[in-house]
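First up is the structure itself, then whatever we jot down about it.
The values are calculated or read from the model by the stated rules, or taken from the named source; none is laboratory data. Please read these numbers as outputs of a predicted model, since none were measured by experiment. Because the Cβ atoms are built from the backbone with ideal geometry, glycine has one as well, and the counts that use them run over all protein chains shown.
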């Protein structure tokens, strides 16, 4: 049986950067909608942070800008 692939590489770092800013998941979701018109719910953010939901390329770019970190850091640490 093949090993289960993780849905994304950046979820744990999204969580780390979000917490560093002192934001809730809901606040991050709201910022994404206001600044980038990306509609993610608090539940979507939770799934991303728990590595259960994949992240689209445009979401990754928006996360990096909103959280003031590089895409490389989000992907690889």
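Computed values, structure above
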| quantity | calculated |
| --- | --- |
| Of the criteria (1) exposed (fewer than 14 other Cβ atoms within 10 Å of the Cβ); (2) at pLDDT 95 or above, which one residue 47 fails | (1) |
| Odd one out for residue 28 among (1) surrounded by 19 or more Cβ atoms within 10 Å (Cβ to Cβ); (2) closer than 14 Å to residue 13 by Cα; (3) without any contact (Cβ under 8 Å) to a residue 24 or more places away in the chain | (3) |
| Scan of segment 61-77 for residues that are surrounded by 12 or more Cβ atoms within 10 Å (Cβ to Cβ) and either touching a helix residue (DSSP H, G or I) at 6+ places or on another chain (Cβ under 6 Å) or farther than 13 Å from residue 9 by Cβ (or both), ordered by number | 61, 62, 63, 64, 65, 66, 67, 69, 71, 74 |
| Selection count where residues are in contact (Cβ under 8 Å) with a residue 40 or more places away in the chain and on the phi > 0 side of the Ramachandran plot, scope segment 31-51 | 1 |
